[in-house]
Amino acid sequence: MVGLQRRGHEMAGLYFEQFSVGQTFVHEIRRTVTDMDNILFSALTYNPAAVHIDHEYAKSTEFGKPLMNSIFTLGLIIGLSVQDTTLGTTVGNLGMEDTKFPRPVFAGDTLRAETKILAVRESKSRPTQGIVTFEHRGFNQHNEEVAYCRRTGLMMRRPA
């Protein structure tokens, strides 16, 4: 962890000036996803799709078992990146694009994430902040890519 000071607290995240195009992070934290993750996330987001929550229905699909909710998968992959990149230094997300799920994720899969910095630019309207474009990739325990997303974030600049 990078120990940065902000208002007297250690910050793990990087400030805008600490990002550079091409910089790559292989995130150490991994997470095994569970059936309960899938059911709880689907319930919390009011998603009643049987393919996520009904084991009997899922037996009749091409997968034979419930698929993890793809929005949960996306959130997890981005979440796995936070400690190394943006913890405490993000102002907010500006957008996500080119999101893909090339392979399904199932309960019991262990996911990991990698992040590459695609673009860094100063904010024209906010002199204390900058804009960073992140490329997030998620992989399962077989090293197969299961999620991809480009995300633009508004980041704090290093305090003066």
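The values are calculated or read from the model by the stated rules, or taken from the named source; none is laboratory data. Keep in mind that this is a model prediction, so the values were computed, not measured. Cβ coordinates were reconstructed from backbone atoms using ideal geometry, including for glycine residues, and neighbour counts include every protein chain displayed. Just the protein is used for accessible areas: all its heavy atoms, side chains included, with ligands, DNA and RNA removed. Shrake-Rupley method; radii C 1.70, N 1.55, O 1.52, S 1.80 Å.
The set of residues from the stretch 130-141 being in contact (Cβ under 8 Å) with a residue 24 or more places away in the chain and open to solvent by less than 30 Å² (accessible area, probe 1.4 Å) comprises GLY130, ILE131, VAL132, PHE134, HIS136, GLY138, PHE139, ASN140. Total residues in the stretch 113-124 satisfying the condition of being at pLDDT below 95 and loosely packed, with under 15 Cβ neighbours inside 10 Å: the figure is 2.
When the stretch 47-70 is filtered for residues that are among the polar types (S, T, N, Q), part of a helix (DSSP H, G or I) and open to solvent by 80 Å² or more (accessible area, probe 1.4 Å), nothing remains. Inside the stretch 27-46, residues that are on the phi < 0 side of the Ramachandran plot and either exposed (fewer than 12 other Cβ atoms within 10 Å of the Cβ) or assigned to a loop (DSSP other than H, G, I, E, B) (or both) make up a count of 10. Any residue at all in the stretch 18-26 that's among the aliphatic types (A, V, I, L, M), open to solvent by 50 Å² or more (accessible area, probe 1.4 Å), in contact (Cβ under 8 Å) with a residue 40 or more places away in the chain and within 24 Å of GLN129 (Cβ to Cβ)? Yes. Only residues that are touching a strand residue (DSSP E or B) at 6+ places or on another chain (Cβ under 9 Å) and either of a type in the set (Val, Ile, Thr) or closer than 15 Å to ARG103 by Cβ (or both) were counted across the stretch 144-160, and they come to 6.
Taken together, VAL105, VAL132, VAL146, VAL91 contain a single residue that is part of a loop (DSSP other than H, G, I, E, B) and of a type outside the set (Lys, Arg), which is VAL105. When THR73, THR86 are screened for being open to solvent by less than 20 Å² (accessible area, probe 1.4 Å), in contact (Cβ under 8 Å) with a residue 60 or more places away in the chain, out of contact with any Leu (no Cβ under 6 Å at 6 or more places or on another chain) and closer than 21 Å to LEU44 by Cα, only THR73 passes.
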